[in-house]
Amino acid sequence: MNDETWPDGLDTRLTWARHALADLQAEFQERTLDILLALREEADDFARTYTETMLREQRARHPSERGTIGLRTRSTAAGGPGIFQIEWYRVHAKRRTLYLKRGKGQDGRVSQQYPMSSFGRLTGWEKDLVQVYEPQFARLRTIQSHISHIRMRFRLISEEFDRNRGAKEHDASSDAPDEWTR
């Protein structure tokens, strides 16, 4: 194959590469939506189990030991299609909650795991529950984070191809010899 003839009648290697990337990106999006759906179902199951266990423990305790930590999962548009959040909160009063902060990791980014210090004062049984469930939720958050980073990389690569195409079109319209614009 020479520089001028690539599969499907495409005229340049970069055009072919741009199309190949778009195909790969579409396949990645489709597959990751399936993966994210499975992760969301797992998170919802963990959250439901946590809530059932927490409510059972609360009913068995004296009112002073009932605890105030809750958990929820919810969809979010900010991270892209299929992304969801797993959030811990503290109940302060009826219909008043305070969402806990995850803090920052060693790299300066928002951590994928809530440190125990984020929970403040906990009853012994609450601490035990959090220590069982939070590592599982952190694993799901980490997987989502990696998927989001790959999506971002696809977008950046596409932008570079588009920038390159614009520069190539600009070069082609100049007086430069043909061998310089290939």
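Which of rounded, prolate or oblate describes the range 1-140 when judged by the alpha-carbon gyration tensor and an a/c cut-off of 1.5? It is prolate, given that a/c is not under 1.5 and a/b is the larger ratio. Taking ASP44, ASP34 and ordering them by how much accessible surface each has at a 1.4 Å probe, largest first, produces ASP34, ASP44.
Note on the range 26-98: percent of Cα-Cα distances in each 10 Å bin, starting at 0 and stopping at the bin with the largest distance, equals 17, 38, 26, 14, 5, 0.
ARG56 contributes an accessible area of around 140 Å² to the protein surface, as traced by a 1.4 Å probe with all chains present.
Heavy-atom accessible surface of HIS149, to the nearest 10 Å², is about 70 Å², with a 1.4 Å probe and all protein chains retained. Ligands, DNA and RNA left out, the 1.4 Å accessible surface of the range 78-121 is 49% carbon and sulfur atoms. Solvent-accessible area of THR12, all protein chains in place: 40 Å² (probe radius 1.4 Å, heavy atoms, ligands and nucleic acids excluded).
Residues LYS94, LYS127, ordered by accessible area of protein heavy atoms at a 1.4 angstrom probe radius and largest first, appear as LYS94, LYS127.
Keeping every protein chain present and rolling a 1.4 Å probe, give me the accessible area per residue for the range 62-115 in Å². Before the final figure, lay out the partial values.
Working: 3770 Å² over 54 residues.
With all protein chains present, the range 62-115 gives 70 Å² per residue.
The values are calculated or read from the model by the stated rules, or taken from the named source; none is laboratory data. No experiment lies behind these values; they were computed from the predicted model shown. To get the accessible areas, we keep the full protein, side chains included, count just its heavy atoms, and leave off ligands, DNA and RNA. Shrake-Rupley method; radii C 1.70, N 1.55, O 1.52, S 1.80 Å.
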